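Since every read-out is calculated from the coordinates, none of them should be taken as a lab result. None of these values were measured; they are calculated from a predicted model. Cβ placement follows ideal geometry from the backbone for every residue including glycine, while neighbour counts extend to all protein chains displayed.
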Amino acid sequence: MFRKFFFVYIIVLFLCGCQSFRYPATEVQKQNAYLHSRATEMASALAVSEASSKQLKKLTNLSALQSRGFVADYGLPKVLPNAHTVGDVLDEASYAVADAAFDRSQKKPDAWDIADGAIDAGIAIAGLLGGVWGIKAAGFLRVARQNSNALREVVLGNEVFKKTNAENADAFKSAHSYQSQPTKRIVADMKL
């Protein structure tokens, strides 16, 4: 039974992708990867044409080669940025794309995103298995998602309350002091 479940999970992961484990590349990240690739290609070509040191030529050549891997990983953007010349690549718009891509790259899935992804994967697996068991499992997981969203709203609401009512923080903490250790751990993990 475990092998069958594992095989189904791998199929679902293959079909649905790994967006639940890391965010997929956005359009601006794809544009940035493309611009980086063009910049490194041009730097490599300039290093050769300007009679640079052998070491600089090798470094820029390696950088251009590595950059192709980033474009292959992220994928091409729907609209290729204007990057035909060195002037195009060095345009102020390229710097704006780089800044926006950096800001987006800093955003990582949090505990909520991972939980939602796991629940979605479970619903997909239950749908593949079908039958009465699959329907019951999917229903259970939908309720789990609703409960997870409700808990998220409560935790976020509590955090807003504590920040806006600092004078009541001690009373708030006292009211929650009787929570069990597992509950305290779950809430602490969700606040991160």
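Taking a straight line from the alpha carbon of LYS162, these aspartates and glutamates sit under 18 Å away, with near neighbours fewer than eight places off in the same chain left out: GLU153, ASP170, ASP189. For the pair SER180 and THR26, label points projected 7 Å from Cα toward Cβ lie 4.0 nm apart.
Compute the FRET efficiency between LEU129 and ASP73 as 1/(1 + (r/R0)^6), taking r as their Cβ-Cβ distance and R0 = 25 Å, and round to the nearest 0.05. The value I calculate is 0.20. Among the chymotrypsin sites (Phe, Trp or Tyr not before Pro) in the stretch 84-192, those placed in a DSSP loop whose Cβ has at most 11 other Cβ atoms within 10 Å are TYR178. If the segment from THR164 to ASP99 were pulled out straight at 0.36 nm per residue, it would be longer than the present Cα-Cα gap by 20.2 nm. Take the Cα of VAL187, go 7 Å toward its beta carbon, and the backbone nitrogen atoms of the stretch 126-158 under 12 Å from that spot belong to 154-158.
The lysines whose alpha-carbon is closer than 19 Å to the alpha-carbon of LYS78, local same-chain residues fewer than 8 away aside, are LYS30. Label sites at LEU90 and ALA51, each approximated as a point 7 angstrom past Cα along Cα to Cβ, lie 2.1 nm apart.
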